1. Do the conditions hold for residue 265, that is, is it within 25 Å of residue 103 (Cα to Cα), more than 12 Å from ligand 2 (Cβ to nearest atom) and modelled with pLDDT under 95?
2. Take the conditions within 30 Å of residue 283 (Cα to Cα), touching a helix residue (DSSP H, G or I) at 6+ places or on another chain (Cβ under 8 Å) and within 16 Å of ligand 2 (Cβ to nearest atom) and apply them to residue 162. Does it pass?
3. Which of the residues spanning the stretch 153-171 are assigned to a loop (DSSP other than H, G, I, E, B) and touching a strand residue (DSSP E or B) at 6+ places or on another chain (Cβ under 6 Å)?
4. Could you please give the count of residues in the stretch 172-230 that are in a loop (DSSP other than H, G, I, E, B), within 18 Å of residue 95 (Cβ to Cβ) and within 14 Å of ligand 2 (Cβ to nearest atom)?
5. Which of the following residues is under 20 Å from the mean Cα position of the chain (by Cα) and either surrounded by fewer than 19 Cβ atoms within 10 Å (Cβ to Cβ) or within 26 Å of residue 238 (Cα to Cα) (or both): 88, 35, 14?
6. Consider residue 156 carefully, then state whether it is surrounded by 23 or more Cβ atoms within 10 Å (Cβ to Cβ), touching a residue at least 60 places away in the same chain (Cβ under 8 Å) and away from ligand 2 (no atom under 16 Å from the Cβ).
7. Quick test of your reading of the structure: residue 39 fulfils all but one of (1) farther than 21 Å from residue 156 by Cβ; (2) assigned to a helix (DSSP H, G or I). Name the failing condition by number.
8. I'd like to know if the stretch 236-244 contains one or more residues that are more than 16 Å from ligand 2 (Cβ to nearest atom) and either within 14 Å of the chain's Cα centre (by Cα) or closer than 27 Å to residue 311 by Cα (or both).
Ligand code: SF4
Ligand code: SF4
């Protein structure tokens, strides 16, 4: 049996492909849950009612793993330097969804990593999460010193920016805890200024009802005409607030994981192709892609909205 130290776990995490790792004490997230409650009271979760559930688990990871002592927070860089053509006949796909579904990739990495840690010390118990389940992944990443919460509500790391996927391991093991990184947004408001729908209603507060990312992915209803002329051809997700962030502009670096590169080199999809797509084609094209989350119905709705939006912009141009 090997006593797991921070150093052993850090070097193994790197070996298993994680770019960032930090350690936080498994304490109740009292302040963070209060903020979440206020956000929910204001209705900023839109129709994501799952955000209202299992608040007690979100607040205290001991509700999930009773003898939890620590949270190991991990991040994987998914940035690649492919770009968009900005051809108006194509809809833009958010960077995180260009390649293979990150859940599939990171679940496998986590599983191998946890198996190794348990082999070294059978006393090591853990439960891990990637963006699913009642775990406040961004909060733990900040507590574990991976970065700070940007005003656009994504975690930013000083060395690689915010194009990162987060994962957390709740464990019964004690570690030395990482130092929290102070806020480095300073007086910058680039993300707030660039958001085309004014979805960043305050620093560190996003109203999902207005966010293109929510409207094109989680949203099951129609897209309101109030957003006409604001989507800039985003068909799945939106990266504007992260694209303009100086930390990404200066420090984003290529991922080492090939599966995060665009499938068939595609970062966009023809609007016409989507409008004529059937279930079979959709399944074949997006079988291992995060795009399947919005289902064919959602993708067609988004394509239809962009098509209408572009004719709205053209007619507005003609009238001015
Ligand atoms: S993802 Fe797009 S719409 Fe949402 S807050 Fe960022 S810039 Fe605004
Ligand atoms: S764009 Fe500026 S304010 Fe927004 S997250 Fe980046 S550094 Fe912070």
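The values are calculated or read from the model by the stated rules, or taken from the named source; none is laboratory data. Keep in mind that what you see is a predicted model, and the values were worked out from it rather than measured. Heads up, the Cβs are rebuilt from the backbone with ideal geometry, glycines too, and the neighbour counts pull from every protein chain shown.
1. Numbers: within 25 Å of residue 103 (Cα to Cα): yes; more than 12 Å from ligand 2 (Cβ to nearest atom): yes; modelled with pLDDT under 95: yes.
When the stated conditions are applied, residue 265 passes them.
2. Values: within 30 Å of residue 283 (Cα to Cα): yes; touching a helix residue (DSSP H, G or I) at 6+ places or on another chain (Cβ under 8 Å): yes; within 16 Å of ligand 2 (Cβ to nearest atom): yes.
Here the answer is yes, as residue 162 does meet what is asked.
3. Taking the stretch 153-171 as the starting set, the residues that turn out to be assigned to a loop (DSSP other than H, G, I, E, B) are 153-154, 158-160, 162-163.
Once the filter is applied, which keeps residues that are assigned to a loop (DSSP other than H, G, I, E, B) and touching a strand residue (DSSP E or B) at 6+ places or on another chain (Cβ under 6 Å), the stretch 153-171 yields 153, 160, 162.
4. Start the filter on the stretch 172-230 by keeping residues that are in a loop (DSSP other than H, G, I, E, B), which leaves 172-189, 195-199, 203-204, 207, 211, 217-224, 228-230.
Checking the rest, the ones that are also within 18 Å of residue 95 (Cβ to Cβ) come to 195-196, 199, 211, 217-218.
Filter again for within 14 Å of ligand 2 (Cβ to nearest atom), leaving 195, 199.
Going through the stretch 172-230 one residue at a time, the tally reaches 2.
5. Working: 88 fails: under 20 Å from the mean Cα position of the chain (by Cα); 14 fails: under 20 Å from the mean Cα position of the chain (by Cα).
Of 88, 35, 14, the one residue that is under 20 Å from the mean Cα position of the chain (by Cα) and either surrounded by fewer than 19 Cβ atoms within 10 Å (Cβ to Cβ) or within 26 Å of residue 238 (Cα to Cα) (or both) is 35.
6. Working: surrounded by 23 or more Cβ atoms within 10 Å (Cβ to Cβ): yes; touching a residue at least 60 places away in the same chain (Cβ under 8 Å): yes; away from ligand 2 (no atom under 16 Å from the Cβ): no.
Spelling it out, it is not the case that residue 156 is surrounded by 23 or more Cβ atoms within 10 Å (Cβ to Cβ), touching a residue at least 60 places away in the same chain (Cβ under 8 Å) and away from ligand 2 (no atom under 16 Å from the Cβ).
7. (1)
8. Kept after step one, since they are more than 16 Å from ligand 2 (Cβ to nearest atom), are these residues of the stretch 236-244: 236-237.
Filter again for either within 14 Å of the chain's Cα centre (by Cα) or closer than 27 Å to residue 311 by Cα (or both), leaving 236-237.
So far as the stretch 236-244 goes, yes, one or more of its residues are more than 16 Å from ligand 2 (Cβ to nearest atom) and either within 14 Å of the chain's Cα centre (by Cα) or closer than 27 Å to residue 311 by Cα (or both).
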